[in-house]
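**Student:** Once you've had a glance at the structure underneath, I'll fire off some questions.
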Amino acid sequence: AAAGRYAPMGIAPSGEIWLWDTQTLQRHALMSHAAPICSLAFRPDGAMLLAGDSEGHIGLWSVGKRGSWSKTGELASSLKGAYVACSPDNQGVAAVGADGRLIVWHIDRQQLTFDTGPARHLAIVRDQGMPPPAAVVYSPDGRSLAYTAPGQPVRRLFLLSGQIDDVGNGRDFTCLAFSPDGLTLAAGARDGSVWLWPVM
């Protein structure tokens, strides 16, 4: 799946999502959002595609074989942009906004399970309607997730307890990844540096 923006002259940018069959390289579907897409994430079982847009909405798209698809729901938030990730057990979806607010839902019930609450005030500079990049990623065991936003540290949320720890300093990190064994967290910064932290 890939997403982009489409903005005919005189019309506000909207979001497009394209699906390709990786075996035949044929494009099977075009799905649209009312706002530009910030991020995409497949559920690990491949049956659902999550699409977070610049207005904080998260579209839930059921994806079948041979490119069939249908929109099954939408999670609405007040996030300034929605950068999304799906939990390893296919049940959770997390979204972080450019202001650092994190929200977690149960997918099937479309029910809110965690919210860090309103973030501190931050002037968001948008590029043609797009908020600056933020990042969120689940640990391989699904018990925690890491997230960050511009000018803020990398933080780790432990889902069972709700405890949040600061992992690293704020350097405008734009992407995060756990190692497969879950013992190392990596972050890529806007300045091109890559940071590694041991995590337990």
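**Student:** Across the range 44-73, what is the total count of residues that are within 14 Å of the chain's Cα centre (by Cα) and within 21 Å of D115 (Cβ to Cβ)?
**Tutor:** 11
**Student:** Let me ask something else. It is to be established whether one or more residues within the range 41-50 are part of a loop (DSSP other than H, G, I, E, B) and modelled with pLDDT under 90.
**Tutor:** Scanning the range 41-50 turns up no residue that is part of a loop (DSSP other than H, G, I, E, B) and modelled with pLDDT under 90.
**Student:** Which residues, taken from the range 16-38, are assigned to a loop (DSSP other than H, G, I, E, B) and without any contact (Cβ under 8 Å) to a residue 60 or more places away in the chain?
**Tutor:** D21, T22, Q23, T24, L25, Q26, A34
**Student:** Also, I was wondering about something else. Step by step: first the residues of the range 115-140, then only those that are loosely packed, with under 12 Cβ neighbours inside 10 Å and in a loop (DSSP other than H, G, I, E, B), then the one that is modelled with the highest pLDDT. Which residue is that?
**Tutor:** Taking the range 115-140 and keeping what is loosely packed, with under 12 Cβ neighbours inside 10 Å, we get 117-118, 120-121, 123, 125, 127-128.
Pick out the ones that are also in a loop (DSSP other than H, G, I, E, B) and you get 117-118, 120-121, 123, 125, 128.
Numbers: G117: 82, P118: 70, R120: 58, H121: 51, A123: 50, V125: 51, Q128: 54.
In this case the residue turns out to be G117.
**Student:** Sort out which residues of the range 145-200 are among the polar types (S, T, N, Q) and without any contact (Cβ under 8 Å) to a residue 40 or more places away in the chain, and write them in order of number.
**Tutor:** S161, Q163, N169, S179, T184, S193
**Student:** Another question about this same structure. Out of L25, L30, which single residue is open to solvent by 10 Å² or more (accessible area, probe 1.4 Å) and modelled with pLDDT under 80?
**Tutor:** Step by step, each of L25, L30 is checked, and only L30 is open to solvent by 10 Å² or more (accessible area, probe 1.4 Å) and modelled with pLDDT under 80.
**Student:** Are there any pairs with C-beta distances below 8 angstrom linking a residue in the range 123-139 that is on the phi > 0 side of the Ramachandran plot to a residue that is at pLDDT below 70, with the two at least 6 apart or on different chains, and if so which?
**Tutor:** Hits for this filter: Q128/R5; Q128/A7; Q128/P13; G129/R5; G129/A12; G129/P13.
To keep it simple, each residue is scored yes or no on (1) at pLDDT below 95; (2) open to solvent by less than 10 Å² (accessible area, probe 1.4 Å); (3) closer than 18 Å to I17 by Cα; (4) not in a helix (DSSP H, G or I).
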position	(1), (2), (3), (4)
K71	yes, no, yes, yes
S78	yes, no, no, yes
G81	yes, yes, yes, yes
A94	no, yes, no, yes
A98	yes, yes, no, yes
V104	no, yes, no, yes
R109	yes, no, no, yes
T113	yes, no, no, yes
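The values are calculated or read from the model by the stated rules, or taken from the named source; none is laboratory data. The structure displayed is predicted, hence computed values, not measured ones. Reconstructed Cβ throughout: ideal geometry from the backbone, glycine too, with neighbour counts over all protein chains shown. Ligands, DNA and RNA are excluded from the accessible area calculation, which covers all protein heavy atoms including side chains. Shrake-Rupley method; radii C 1.70, N 1.55, O 1.52, S 1.80 Å.
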